[in-house]
Amino acid sequence: MGGGIKNKVIEVMYAKTTVITTIIGNEGINACSNQHLFICYEKDDFCNKAEILLNSSNRRDELGNAAYGICKRKVLMGKTIFINLKDIIVQ
């Protein structure tokens, strides 16, 4: 259940949009809370983080750009690993 959430989180991060999620939504992405996105553990945390983002366009931009950066690095790293693996197989 909820397997599509992680894909949606990655899509939103890649669009430089801020994300408020749970620890489950961050599984496999391994983004850092308060740096790339907000991870909430309690219901009230969601409201508090949303209020922070609504009141600060700078914070929204910081998180959105950092989120995009981590996604871009992971995609490039994945391509590099794939290319190197392909070279090894060809040899």
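The values are calculated or read from the model by the stated rules, or taken from the named source; none is laboratory data. For clarity, every value in this text was computed on a predicted model and none was experimentally measured. Ideal geometry is used to build each Cβ from the backbone, glycine not excepted, and the neighbour counts take in all protein chains shown.
Structure above, values below:
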item: Single residue of the stretch 34-91 satisfying the filter (basic (Lys, Arg) and at pLDDT below 95) that is nearest to THR22 (Cα to Cα); result: LYS43
item: Yes/no for ILE29 being at pLDDT below 95, among the β-branched types (Val, Ile, Thr) and part of a helix (DSSP H, G or I); result: no
item: All positions within the stretch 10-33 that are within 15 Å of GLY69 (Cβ to Cβ) and either surrounded by fewer than 20 Cβ atoms within 10 Å (Cβ to Cβ) or among the hydrophobic types (A, V, I, L, M, F, W, C) (or both); result: ILE10, VAL12, MET13, TYR14, ALA15, LYS16, THR17, VAL19, ILE29, ASN30, ALA31, CYS32
